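Have a look at the structure below before the remarks.
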Amino acid sequence: MSTSRVLYEPIESVERMEYYQEGGYHPRVVHKLGHGTYSTIWLARDEISNRYVAVKICTADSDRFESDVLSQLSEPLKSSDIGTTMIPSILDRFNVQGPNGNHACLVTSPARMSLIEAKSESWIGLFQIDVARALAAQLATVIRYMHSEGFVHGDLHRGNILLQTQSNFDKLPTKELYDLYGEPELEPVNRLDGQTPPPGPTILLTFSSDIWTLACTIWDIVAQRSLFEGFLTNEDDMTCQQIAALGPLPAEWWEKWEARGNHFTDDGEPNNRATSQYRSLEDAFELNIQQPRDQAGMAPLELSERKALLAMLRPMLSFKPENRPSAQQVLESEWMVK
């Protein structure tokens with residue numbers, strides 16, 4: 001979409017107001033479920049089928065193939081693959097012509113919450129290990145299925161993994177739904193002056209990109225905190241975290257990293273206190289998985305499971321995409337099988 005000349009003060013957990021322009025979002029206030037870069041999602045009531053549905057309204061200039069992909073992945077003919085049960089079915093699709101253009105709309109069953117929201121409900125931020133194992137296996141299964149059909153997810157993280165609603169959700173009257181989950185909240189929109197930065201280069205993602213994010217998401221499922229902390233972190237600091245956890249960058253990447261001298265000596269050793277505080281994968285495992293579980297009264301992972309989990313994650317987090325395993329190989333790893 002074109003860049004708006006008008007900017008607005010950001011509102012936490014709300015889509016960018018500048019995108020309500022030609023080619024952008026289509027405003028529709030019923031009850032809001034969430035938003036992404038190219039869509040907003042709303043809770044609606046289907047009066048004919050007497051059920052709640054999630055309506056995803058895409059920006060007018062977004063790609064239109066998502067519904068085709070979902071339909072193909074959830075085809076009944078593929079029902080023999082367990083992965084189809086984890087793909088949301090398209091209940092309906094239509095277009096809306098609005099002031100900002102023509103918007104593709106997808107209708108699916110609403111989800112209960114995202115994985116990141118589920119973790120935040122726990123005071124300790126941890127799943128029981130049997131729950132974590134089951135979630136990780138289901139996630140790897142559906143990624144393997146998508147890859148077998150020739151599709152790359154491209155945006156895998158905890159916020160994009162949804163859990164199913166309760167079976168009696170459709171029976172809730174709207175008033176009771178508001179009593180349980182709250183009514184929509186109004187936030188003032190404040191305009192700012194300024195220009196947005198130019199977009200970064202477009203890079204074609206491959207299956208291997210999903211394997212990296214799958215590894216990070218599995219870590220998030222098992223651990224209390226993320227392997228790589230992104231809050232108030234710039235690209236160079238993130239690179240330092242990755243080097244500490246995974247080892248040196250490939251030589252050609254190291255030579256092209258202009259800021260390396262601000263963080264490392266020529267021998268690859270940290271040259272400042274901040275860089276030296278980043279942890280290895282093994283240290284992060286103890287700090288973010290074992291210790292929190294022990295402190296919460298949960299049994300830490302046994303040595304054999306620790307070795308199996310790290311043995312699965314390390315190749316998934318290879319810097320070079322061509323060195324990462326396939327989703328099928330992940331499912332065949334010792335930790336997944338046992």
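We did not get these values from a lab; they are worked out from the coordinates using the rules stated. Everything quoted here is computed from the prediction, not taken from an experiment. Glycine also receives a Cβ, built like all others from the backbone with ideal geometry; neighbour counts cover every protein chain displayed.
Figures for the structure shown
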read-out: Debye, to nearest 20: dipole size of the chain, +1 on Lys, Arg Cβ, -1 on Asp, Glu Cβ; value: 620
read-out: Cα-based helix-to-principal-axis angle, 303-316 vs the chain, degrees rounded to 10; value: 70
read-out: Calculated diffusion of the stretch 75-190, Stokes-Einstein form, Kirkwood radius summed over Cα pairs, 20 °C and 1.002 mPa s, µm²/s; value: 122
read-out: Among LEU214, VAL337, LEU204 the positive-end extreme of the charge dipole of the chain (Cβ point charges); value: VAL337
read-out: Residue order, fewest to most beta carbons within 10 Å, for MET86, MET312, MET113; value: MET113, MET86, MET312
read-out: Modelled FRET efficiency - R0 51 Å, THR233 with ASP179, Cβ distances, 0.05 increments; value: 0.80
read-out: Most mobile of ASN95, ASN160, ASN234 in a GNM of the chain (Cα contacts under 10 Å); value: ASN234
read-out: Listed residues GLY230, GLY159, GLY83, most fluctuating in the chain (Gaussian network, C-alpha, under 10 Å); value: GLY230
read-out: Dipole of the chain, positive direction: furthest Cα of THR239, ALA284, ALA327, with charges on the beta-carbon; value: ALA327
read-out: Rounded to 10°, Cα long-axis angle of helix 235-246 versus longest principal axis of the chain; value: 50
read-out: Mean residue ellipticity (222 nm) of the chain, computed from DSSP H runs ≥ 4 via -39,500 (n - 2.57), nearest 500; value: -9500 deg cm²/dmol
read-out: Cα-based Rg of the stretch 207-337 normalised by 2.2 N^0.38 Å, two decimals; value: 1.11
read-out: Equivalent ellipsoid dimensions for the chain as semi-axes, Å, which come from the Cα gyration tensor, largest first; value: 36, 27, 21
read-out: Under 5 Å, built H, 5+ apart or other chain: amide partners of SER39; value: THR59
read-out: Taking the stretch 55-114 and dividing mean pair separation by its residue count, relative contact order in percent (alpha carbons under 8 Å, at least six apart); value: 41
read-out: GNM flexibility winner over the chain from PRO325, PRO110, PRO270 (Cα, springs under 10 Å); value: PRO270
read-out: Student exercise, the stretch 197-326 dipole from Lys, Arg, Asp, Glu Cβ charges, in Debye to nearest 20; value: 300
read-out: C-alpha long axis of helix 129-148 to longest principal axis of the chain, angle in °; value: 70
read-out: Over 32 Å (Cα to Cα) - which of LYS256/LYS307; LYS119/LYS171; LYS56/LYS171; LYS119/LYS338; LYS171/LYS338 fall in this group; value: LYS256/LYS307; LYS171/LYS338
read-out: Proximal aspartates and glutamates to LYS175, defined as alpha-carbon separation beneath 18 angstrom and excluding residues fewer than eight positions away on the same chain; value: ASP46, GLU47, GLU183, GLU185
read-out: Long-range HN-HN contacts of ASP92 with modeled amide H, under 5 Å; value: VAL107
read-out: Residue order, fewest to most surrounding Cβ atoms within 10 angstrom, among VAL330, VAL337; value: VAL337, VAL330
read-out: Dipole of the chain, positive direction: furthest Cα of LEU301, LEU106, THR40, with charges on the beta-carbon; value: LEU106
read-out: Burial ordering of GLU322, GLU176, GLU149, fewest other beta-carbon atoms within 10 Å first; value: GLU322, GLU176, GLU149
read-out: Taking the stretch 254-338 and dividing mean pair separation by its residue count, relative contact order in percent (alpha carbons under 8 Å, at least six apart); value: 14
